[in-house]
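The values are calculated or read from the model by the stated rules, or taken from the named source; none is laboratory data. The structure presented is a predicted model; accordingly, all values stated were derived computationally and were not measured. Note that each Cβ is placed from the backbone with ideal geometry, even for glycine, and that neighbours are counted across all protein chains shown.
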Amino acid sequence: METALPPPGPVVPGDLPAVRGASSPLLGVHGAVAAEGPDAGVAWHYGDPTREQRALAAGDAVTDLSHRGVLRLAGPDRLSWLHSLTTQHLSGLAPLVPTETLVLSPHGHVEHALHLVDDGDAVWITVEPGTVDALHGWLERMRFMLRVEVEDVTDRWAAVGLAVAPGAAPAATVAPGLDGAGMPPSWQDPWPDVAPGSASYSDADPHPGAERPWREVLVPRAELGDRLRGLPLAGSWAAEALRVAAWRPRLGSESDHRTIPHEVDWLRTALHLTKGCYRGQETVARVHNLGRPPRRLVLLHVDGSEHVLPARGDAVLLGERAVGHVTTPVRHHELGPVALALVKRSTPVDATLTVAGLAAAQEVVVRA
């Protein structure tokens, strides 16, 4: 019955507009430069992207994530219902324990990524910009007679991002008032820990993502400007730079219409390999048990001799042969020009690669 229903649809780069075309009030802050592409609607930076990156990495700044969509799921069947629909083991999830789960197509391709935490009464979920309407509609069609209420609360709640360690309250850093009575629980990113029942497709030890503790806090949207104005702010450039350095996949950036979770190492935080049936499980199990995924996510250290970064979608070449493409390029405050890329799994880790698309191909060093 599930596969007969219209799926939410795959998300590909360029398909993520700002939430309902809205713009953040923080774009009115002096020096704010608006972001484009998937982060349209919030600030790309506020005049000093290098300083903003350093402050955000140190836990001394906050970033505007108000373009993300927000859902609230209530009812006694909410966790067992999500457990049956998505990739993570959610049945019996304890209150205030943050986790991540995916919605897959019947063929195992990634369609949605959900950041979620339960407060004991309801599940709070944030999703990528531009995806909340499709996900909300699909969840409504999947409710049947279950005791679940699905509510899109994007118009009432907005997300704020901070690089703070688990257990540390935002009030202990730079954002007093973001946590407190009457607020939804915050979501602590589980990346890059390998959750029980999950697996890793990266040999990195230690994993660079361990240096990026990340949290999403929900605040009343009507109070967003007042709560954040005056705080040290970092734009989406800074947030993306920290994400890329942590090898953290993002829906619509590192995923396309044929991405399976194994390729971007999403199994480690968003998928339980032995839980009950869910849509796309056959592909997940087959790839995990019988072979390797066709592509893998890598970090490219780009030759800094060019002043222009490679673009998303630029080909990654081994000699004259294309072996992949750039997904997220960014200039990092310490690493310099870097990019995440999807390449063929057979590509040697120690190979000399180039990125095409600029005036001259740029040599890159690969980390996987």
(request) Determine whether GLY137 is surrounded by fewer than 23 Cβ atoms within 10 Å (Cβ to Cβ) and under 30 Å from VAL287 (Cβ atoms). (result) yes
(request) Being in a loop (DSSP other than H, G, I, E, B), over 12 Å from LEU162 (Cα atoms) and of a type in the set (D, E, K, R) is the filter here, so list the residues in region 200-231 that pass it. (result) ASP203, ASP205, ARG229
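For every residue, the table says whether it meets (1) surrounded by fewer than 18 Cβ atoms within 10 Å (Cβ to Cβ); (2) at pLDDT 90 or above; (3) more than 30 Å from GLY276 (Cβ to Cβ).
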{"position": "ALA171", "(1), (2), (3)": "yes, no, yes"}
{"position": "LEU178", "(1), (2), (3)": "no, no, yes"}
{"position": "VAL194", "(1), (2), (3)": "yes, yes, no"}
{"position": "GLU216", "(1), (2), (3)": "no, yes, no"}
(request) Confirm whether ALA58 is over 20 Å from GLY130 (Cβ atoms) and either modelled with pLDDT under 95 or not aliphatic (A, V, I, L, M) (or both). (result) yes
(request) Could you check, for region 40-50, whether at least one of its residues is in the same structural domain as ALA175 (by TED's automatic domain parsing), more than 21 Å from ASP133 (Cβ to Cβ), at pLDDT below 95 and crowded, with 16+ Cβ neighbours inside 10 Å? (result) no
(message) I need the full set of residues from region 316-348 which are within 23 Å of LEU242 (Cα to Cα) and among the small types (Gly, Ala, Ser), in order please.
(response) GLY324, GLY336, ALA339, ALA341
(message) ALA210 - would you say it is among the hydrophobic types (A, V, I, L, M, F, W, C) and exposed (fewer than 14 other Cβ atoms within 10 Å of the Cβ)?
(response) yes
(request) Being out of contact with any Asp or Glu (no Cβ under 9 Å at 6 or more places or on another chain) and at pLDDT 95 or above is the filter here, so list the residues in region 246-266 that pass it. (result) THR259, ILE260, PRO261, HIS262, ASP265
(request) Determine, yes or no, whether ARG20 is modelled with pLDDT under 95 and part of a helix (DSSP H, G or I). (result) yes
(request) Just give me the residues in region 290-346 being under 24 Å from GLY108 (Cα atoms), of a type in the set (Ser, Thr, Tyr) and more than 25 Å from the chain's Cα centre (by Cα), in sequence order. (result) SER346
(message) Here are the criteria: (1) assigned to a strand (DSSP E or B); (2) more than 18 Å from the chain's Cα centre (by Cα); (3) within 27 Å of ARG312 (Cβ to Cβ). Tell me which single one HIS107 does not satisfy.
(response) (1)
(message) Can you confirm whether ALA113 is among the small types (Gly, Ala, Ser) and under 21 Å from LEU267 (Cα atoms)?
(response) yes
(request) With the condition kept exactly as written, say whether any residue in region 167-179 is under 29 Å from ALA61 (Cβ atoms) and within 16 Å of the chain's Cα centre (by Cα). (result) no
(message) Quick check on this structure: which one of ASP64, ASP60 is more than 20 Å from the chain's Cα centre (by Cα), closer than 20 Å to ALA246 by Cα and not in a helix (DSSP H, G or I)?
(response) ASP60
(request) Restrict the check to region 232-244 and report whether at least one residue is part of a loop (DSSP other than H, G, I, E, B) and surrounded by fewer than 22 Cβ atoms within 10 Å (Cβ to Cβ). (result) yes
(request) May I ask you to list the residues in region 57-105 that are under 17 Å from MET142 (Cα atoms) and touching a Pro at 6+ places or on another chain (Cβ under 9 Å)? (result) ARG72, THR87, LEU102, VAL103, LEU104, SER105
(message) Can you find, within region 271-321, the residue that is farthest from GLY336 (Cα to Cα) among those that are without any contact (Cβ under 8 Å) to a residue 40 or more places away in the chain and part of a loop (DSSP other than H, G, I, E, B)?
(response) GLY291
(request) Test ARG156 against the criterion of being in the same structural domain as THR101 (by TED's automatic domain parsing), in contact with a Pro (Cβ under 8 Å, 6 or more places away or on another chain) and over 29 Å from GLU240 (Cα atoms), and give yes or no. (result) no
